[in-house]
Amino acid sequence: MTDVKSDKTNPTAAGWSRRDVLKATSVGAVGAATPMFFTQNAWAEKAIGNYPVNGSEVVLGFNVPQTGAYADEGADELRAYKLAVKHLNNGGGMLDTLKPSMLKGNGILGKKVTYVTGDTQTNADASRTSARRMIERDKVIMVTGGSSSGIAIAQQYLCNELGIIFMCGLTHSNDTTGKDKQRYGFRHFFNAHMTGKALSPVLSNEYGKDRRAFHLTADYSWGHTQQESMQEFTEKEGWGTEGNIMTPLKTTDFSQYLSQVLNSDADVLILNHYGANMVNSLTNAVNFGMRDMQKNGKNLEIVVPLYSRLMAKGAGSANIDGVLGTSGWNWALQDEGSKVFVKAFSDEYGFPPSQAAHTCYVQTLLYANACEMAGTFYPPEVIKALEDFEFTGAGNGPTLYRGSDHQCIKDILVMQGKSPSARNSDFDYLQIVDQVDAKTVDYDPAIFGGELGPYEPA
Amino acid sequence: MDMTLNAFTLSVLTGLQLGSIYVLIALGLTLIFGTLGVVNFAHGALYLIAIYLAVSINNALGFGLALILVPPILFVIGVLLERGLIQRFYNRPHTDQILVTFGLAIVLQELLKWIFGANNIPFAIPSWGNGIIMLHDYLPFLEGFVVYPKWRMILVVVAIVTVSAVFALLHLTRFGLVIRAGMRDAEMLQFLGVNINRRFMIVFGLGAMIAGIAGVFGGPVTQVSPEVGMQLLVPSFLIVVIGGMGSLGGAVLAGILIGMAQSFTAPYIYLNTIIIYLITVIILLVRPRGLLGAKGVFE
Amino acid sequence: MAILDIHQVSLSFGGLQALQNVHLKIEKGSTHALIGPNGAGKSTLLNVLTGMLKPDDGSVMFDGKPLLNVNSYDINQLGIAKVFQTPAIFPEMTVLQNVTIPVFAARDGSFNFNMFEGRAKQRPLIEFAEQQICELGLEDHMHDLAGSLSRGDKRRLEMAICLANKPRLLLLDEPTAGMARHETEKTIELLKSMDDGITKVIVEHDMNVVFSLAEKISVLSQGQIIAEGSPNEIKGHPKVIEAYLGEAQV
């Protein structure tokens, strides 16, 4: 054990010194250390992905939409990532609030954190190409980012094959940790099922139980799962479902679909749309006078299950005024973790972070923390450290990173659009109506099928 | 297809309104092709410039000024574009023209994204155009409560007025006479002492101006974001092909046809996505010159 | 006085020498024919005169002013008009519309954007156009579509269009090509009755037409002028016969 001081470049040096400390405290520590001794040698023999990490730096890969429709959101994600790297290397931010945490503010496992960025272009092929480049050329140890479920799932598959851990960015589809779950993929952001579960009781409270809903749904993975979840839970509240029309992703003018809605017996319009789709469909619906209409003796209502501040801004507050939906997080939350993050972000960039920024920041910290807890970058051990990890202090209250499907179970928010007069700033579009407890939105992972797969890639 | 009269009426109106924007853009495209013989893939970008200009002026100075300022500005931009870039490509093959105008379109799109961001900019409908029309008050055969947004009907009217103005210009004025002769045989006009190129430059400007009008009235409908230009370009170009390259009547007819087709296939998503391509293929197979096209093009 | 002075004009297409040191002087008010076997370069020379082609060498002076490097429409504005082999008319427009286009072009110059001009100002020009149409015997067809006219009438219409902007030099490129006997006779009459002040250069294959109209003939063969003179001088000229017969052998 005395050779530990002479070998400073040994990548398992950290493990050695910890083992040293454990040995010094108790005899039992030796027993605990011994398996680590043996497995460390075993680790050193197996190279998975870009493990082992050589040198004094460790590289993270941030793959976000830098071009295309979600470029603005991608830019926010990148800001959050850079902030996370700054805090990991220097301390501060959620390092002060995250519990339990082994982050010391000196990088990860003593190595300085650096990063490379890629452009997903909100296109599955482009995102895979970009991720592959970061993995093969830049030797990243982890890939993260994205604003679309299709992209997330594509990257998850790729990273799983190559033995690189993928920490999802913004992806809401049930499939990401459902039928398309991967051992190397982890999602902190909430999903459509949780939205349905959280939102529907609030909807029936506000609008009554005797309602008929019509869905307009973006025709891809996320849209489908969102629609299914909303239908399942609104029907549990006693609502009827009048119809569902799939809208092509590239649609900008929804008048043809809205005509169908108007012709039906529905008195609630549910827009399973995100991004540009939602901006257009909501604006079109408002132009059709649907906010002022009456059907079946009740006011016609519009629901946008998944909200984001960028979308709200794009639609304009006149249009979202009073419209209900859900978000994963909001900068107005008052818990310690949120406040610390909002302050750090605002100080750095001059405006508050979006929910996309929040999840990306938290994911980065959680990954780093898992490496510290595992004592290594070796993916199977890092994965095990994340599975069933319970933590708090990252916003959203106490959270469980569920091991059976790699999905975070936490509180989510029901949001409502603010009227133009109620807004305080250019970032103040949504208000929190309800913070729904994690236990309420919890669900049995078995309902979505899928298998995580082995710890070591084939 | 089981459709009530209400549903049918709404689908017809939607088809007309969808068609109106297409027609306005296709009109400019076909005018430019018919006179200059240039395939102008930058036309969608002209519409994009128009909506960004319109929303900026509207949000700062009101809709009235946007309406007055945007079309003339687009006219000037069109002329500058023609003189600066397009005229160097008159004698080049069509593929070169497509490449250069398409490249220009991408550059313009990225420029606008860089200036304004990728997110949508809300373009509010002016108060006098807001609201819905109670169709059941005007059309006795409708039952119950049938409404349609006022602004979209205004858009249809604007399209009709613009198309009529263009036809009037071409058929009732001397300028139009010369242009029509030029569309037929530009070379011969030169021998008759007419500087046809300069007149065509004005036509290019007019085509851009029509895109400007489309932008002012269509902006609140199509929304204002960088992708809109490309999204409208492909259907508009196909409409010009379907109607007949260089035929204005064809552009109008095809525009309405496609608008209707998209409206009526709305409930059937797979059909809806491909219907415009389906129609294009059928037309190209059965009648390559287009619905009202002149013989010799594509034949 | 030479209204058209073609001086040492040469032009080649790739390896082919289409025109070689062509010297030609056209007298004002004369009717000058340009003949020669196929491929001699007659059409090429006309294209140079209308601004369609640029020669490699040489100069062309029209009434003392240089003609090369001038746009086709400006050449027309200077006073040169060309009659094509197939009648150059706009079939979808009426006869009157066809003739008004050049009439206005003559007044306005090559470019003028005056859409809002009053009817009163336009009246005298339209009347002039109508006059031209009558002079060529087409008054019955004033408002008919040009495409519906007979071949001969189309030729008249083309003349009316050409004469509408009062040219000083008229270039005729095989005006009787493909015509029957009686139509050719009519065309000869038409050209004879034309204003003597207009200089005419006629490219023709039909010798009857040439000898009926021409005051002077130039013979072009393989890009060079091989003979020039009055009709009588050309009739039996050995070089001319050789040029034509030589072609027949090939």
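The values are calculated or read from the model by the stated rules, or taken from the named source; none is laboratory data. Computed from a prediction, not measured in an experiment: that's the story for all the values here. For neighbour counting, all protein chains shown are included, and Cβ atoms are generated from backbone atoms with ideal geometry for every residue, glycine included. Just so you know, the surface numbers come from the protein's heavy atoms only, side chains and all, with ligands and any DNA or RNA stripped out. Shrake-Rupley method; radii C 1.70, N 1.55, O 1.52, S 1.80 Å.
List of remarks:
- The distance between label points at B:ARG83 and A:ALA332 comes to 5.4 nm (points 7 Å beyond Cα on the Cα→Cβ vector).
- Per-residue average of Cβ from other chains inside 10 Å of A:271-277: 2
- Normalising the average separation of contacting C-alpha pairs (under 8 angstrom, six or more residues apart) by the number of residues puts the relative contact order of chain B at 36 percent.
- Gain upon complete extension [A:SER56, A:SER419; 0.36 nm per residue less C-alpha separation]: 125.5 nm
- Given charges at Cβ of Lys, Arg, Asp, Glu: chain A dipole, positive-most of A:LEU83, A:THR225, A:VAL414: A:LEU83
- Solvent-accessible area per residue for the stretch B:48-147 (1.4 angstrom probe, square angstrom): 53
- About its Cα centre, the dipole of chain C is roughly 280 debye, where the only charges are +1 on Lys and Arg Cβ and -1 on Asp and Glu Cβ.
- Divided by 2.2 N^0.38 Å, where N counts the residues, the Cα radius of gyration of the stretch A:193-327 comes to 0.93.
- Calculated FRET efficiency for the pair B:VAL281/A:ASN106, C-beta based, R₀ 51 Å, to 0.05: 0.20
- The ellipsoid that matches the Cα gyration tensor of chain B has semi-axes, each √(5λ) in whole angstrom, of 31, 24, 19, with the longest given first.
- Using a Förster distance of 45 Å, the FRET efficiency for B:SER164-A:GLU348 (Cβ separation, nearest 0.05): 0.20
- Surface analysis of chain C yields an accessible area of 46 Å² per residue, using protein heavy atoms and a 1.4 Å probe.
- The Cα center of the stretch B:94-147 and the Cα center of the stretch A:46-78 differ in position by 36 Å.
- For residues of B:113-124, the mean tally of beta carbons on other chains within 10 Å: 6
- Remark: the stretch C:164-177, residue by residue, has Karplus-estimated 3J(HN,Hα) of 4, 9, 6, x, 9, 10, 10, 9, 10, 9, 6, x, 10, 4 Hz, where x stands for each Gly or Pro and the curve is 6.51 cos²θ - 1.76 cosθ + 1.60 at θ = phi - 60°.
- Three-way shape label, chain A, alpha-carbon gyration tensor, a/c 1.5: prolate
- Under the combined filter of DSSP loop state and at most 15 neighbouring Cβ atoms within 10 Å, the stretch B:53-116 retains these chymotrypsin sites (Phe, Trp or Tyr not before Pro): B:TYR90.
- The alpha-carbon of C:LYS82 sits under 22 angstrom from the alpha-carbons of these lysines, leaving out residues fewer than 8 places away in its chain: C:LYS25, C:LYS28, C:LYS42, C:LYS54, C:LYS65, C:LYS154, C:LYS166, C:LYS186, C:LYS192, C:LYS200, C:LYS216.
- Solvent-accessible surface (1.4 angstrom probe) belonging to A:ASP335, in square angstrom, nearest 10: 50
- The alpha carbon centroids of the stretch A:236-309 and the stretch B:230-282 are separated by 25 Å.
- Compactness of the stretch B:1-117 is given as radius of gyration and Dmax, 17.7, 55 Å, from Cα positions.
- Short-range pairs are left out: with C-alpha atoms under 8 Å and at least six residues apart, the relative contact order of the stretch C:144-250 is 18 percent.
- Over the stretch A:292-338, the Kirkwood radius and the radius of gyration, each from Cα atoms, give a ratio Rg/Rh of 1.11.
- Anisotropy class of the stretch B:60-203 from Cα gyration tensor, a/c 1.5 cut: oblate
- Residue-count net charge about A:ALA266 - beta-carbon cut-off 14 Å; Lys, Arg +1, Asp, Glu -1: -2
- Look at the alpha carbon pairs under 8 Å that are at least 6 residues apart: their mean separation over the length of the stretch A:311-380 gives a relative contact order of 22 percent.
- 20 °C / 1.002 mPa s Stokes-Einstein diffusion coefficient of the protein assembly as shown, Kirkwood radius on C-alpha pairs, µm²/s: 63
- Charge tally in the Cβ shell below 14 Å around A:LEU158, where Lys, Arg are +1 and Asp, Glu are -1, A:LEU158 excluded: 0
- Exercise: per-residue mean of other protein chain Cβ atoms within 10 Å, A:243-249: 3
- Shown in residue order for the stretch A:162-178 are the 3J(HN,Hα) couplings computed by the Karplus curve 6.51 cos²θ - 1.76 cosθ + 1.60 at θ = phi - 60°: 8, x, 10, 6, 10, 9, 4, x, 8, 8, 10, 5, 5, 5, 4, 10, x Hz (x for Gly and Pro).
- Estimated dipole of the protein assembly as shown in Debye, rounded to 20 [Cβ of Lys and Arg +1, of Asp and Glu -1, Cα centre]: 1240
- Computing FRET efficiency as 1/(1 + (r/R0)^6) for C:ASP196 and C:GLU233, where r is the C-beta to C-beta distance and R0 is 22 Å, gives about 0.45.
- Taking the accessible area of the protein assembly as shown, probe 1.4 Å, and keeping the other protein chains in place, the carbon and sulfur fraction comes to 56%.
- Percentage of interatomic Cα-Cα distances in the stretch B:1-51 larger than 15 Å: 60
- For B:GLY244, the amide hydrogen comes within under 5 Å of the amide hydrogens of B:LEU291, B:LEU292, counting only partners 5 or more places away or on other chains and with H modelled in the peptide plane.
- Interface A-B: total buried accessible area of about 2600 Å², 1.4 Å probe, protein heavy atoms only.
- Compactness check for the stretch A:199-259: Cα Rg over 2.2 N^0.38 Å is 1.19.
- Percent of beta bridges antiparallel (DSSP, the protein assembly as shown, rounded to nearest 5): 45
- Summing Lys and Arg as +1 and Asp and Glu as -1 over all other residues whose Cβ lies under 12 Å from the Cβ of A:GLN363 gives a net charge of 0.
- Heavy-atom accessible surface that C and B bury in contact, both chains counted, 1.4 Å, Å² to 100: 2400
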